[in-house]
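Reviewing the structure listed below.
We did not get these values from a lab; they are worked out from the coordinates using the rules stated. This one's a predicted model, so the numbers in the text were calculated from it and none came from an experiment. Note that each Cβ is placed from the backbone with ideal geometry, even for glycine, and that neighbours are counted across all protein chains shown.
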Amino acid sequence: MKVLVTGVAGQLGHDVMNELDKRGLTGIGSDIAPKYSGADDGTAVTTMRYIPIDLTDSETVEARIIFEQPDAVIHCAAWTAVDAAEDDENRAKVKGINFGGTKNIAKVCAELDIPMMYISTDYVFDGQGTEPWKPDCKDYKPLNHYGNTKLMGENAVTANLEKYFIVRIAWVFGLNGNNFIKTMLKVGQNHTELKVVNDQIGTPTYTYDLARLLVDMIQTDKYGYYHATNEGGYISWYDFTKEIFRQATELGHDEYSEDRITVNPVTTEEYGISKAARPFNSRLDKSKLVENGFTPLPTWQDALARYLKKLGY
């Protein structure tokens, strides 16, 4: 099986390519840069076939994908800088990537009659209440420009294809790129007191674990909407920070111990700063995975432990 993967310079695309190689499948990586520009970590993705594609250029998208003749496309590429998406100078670019680029890929997949997997987000919902969002829920009310463009991407997929997977994820972390864990570890080295929001609730997603699930899924015809994050229960960013520091301390890094750092829970309103409105409820119902025979991801606590070791802690 040959799979074209977009966004291989990002956290998820990087891990999906490595997972394809691990399974003996053929992965073709793509991104906007003229050559692979992700982490030069010696893993398979760094030497696998790579093609540059500007996803907003419909003719280039069509020509490159048709030339490669993949059996499926896993579309990980997206504009994900949520606050920067709100800036006037970026709004058209964000829409061009998240909606236009997705539509361009969907049309080519329809032309080739191959399945497309689109990685989406809990930000398509309004983030209110406490009930977990179900994958087939259509009560869409994005709070910000990023969420709106990702929803437009979802609709572009469903309007052009029947063979599609739309997989919504949240709170992503991986080796290839920046994320909340890396930020907290860095900030924790230089501060003795931190404020972290405790009224936004969700579950982290380790791209290494998610990649395994996505490759499982793309080899089936169990199309539709899915939610995928690690197991282990719903938490706040404050809870996550406390566990990051606890595990790092257990690994021998006393600079993150409670004796040295105080982590204070605050509300989103108290924290301030953010340009884009954030969802309070990022709980995603993942029961559909099991119903369709897919293996859930490990717990986020276990994922965090493995991730810290990968980072060298």
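Some notes on this structure:
- Protection proxy ranking, peptides 127-134, 75-82, average beta carbon neighbours within 10 Å, highest first: 75-82, 127-134
- Segment Lys2..His191, full-extension length gain: 63.3 nm, with 0.36 nm per residue of separation and the alpha-carbon distance subtracted.
- Cross-link partners for Lys22 among the lysines, with Cα-Cα distance under 19 Å and sequence neighbours closer than 8 places in the same chain left out: Lys2, Lys310.
- All distinct Cα pairs of the chain go into the 1/r average, and the inverse of that average, the Kirkwood radius, is 20.0 Å.
- From most to least packed by mean Cβ count within 10 Å, the peptides 284-296, 236-248 give 236-248, 284-296.
- The distance between label points at Arg246 and Asn90 comes to 3.3 nm (points 7 Å beyond Cα on the Cα→Cβ vector).
- 3J(HN,Hα) along segment 156-169: 5, 5, 5, 6, 10, 9, 9, 8, 9, 10, 10, 10, 8, 10 Hz, from the Karplus curve 6.51 cos²θ - 1.76 cosθ + 1.60 with θ = phi - 60°, whole Hz, x for Gly and Pro.
- Magnitude of the charge dipole, the chain, Cβ model with Lys/Arg +1 and Asp/Glu -1, debye to 20: 320
- DSSP beta bridges in the chain [antiparallel fraction, %, rounded to 5]: 5
- When the square roots of the Cα gyration tensor eigenvalues are ordered a ≥ b ≥ c, the ratio a/c for segment 57-165 is 1.5 or more and a/b does not exceed b/c, which makes its shape oblate.
- Net charge over other residues, Cβ less than 14 angstrom from the Cβ of Asp254 (K, R count +1; D, E count -1): -2
- FRET E, pair Glu62, Thr130, Förster distance 35 Å, beta-carbon r, rounded to 0.05: 0.20
- For segment 232-280, the spread of Cα positions along each principal axis, largest first, Å: 37, 26, 14
- log10 of Debye I(q)/I(0), alpha-carbon scatterers only, for segment 122-239 at 0.14, 0.15, 0.20 Å⁻¹: -0.72, -0.82, -1.31
- Segment 16-110 - convex hull of the alpha-carbon atoms, volume per residue in Å³: 109
- For segment 14-79 versus segment 174-192, the gap between their alpha-carbon centres in whole angstrom: 27
- For Leu297, nonlocal amide neighbours, meaning residues 5 or more places apart or on other chains whose placed amide H falls under 5 Å from its own, are Glu231.
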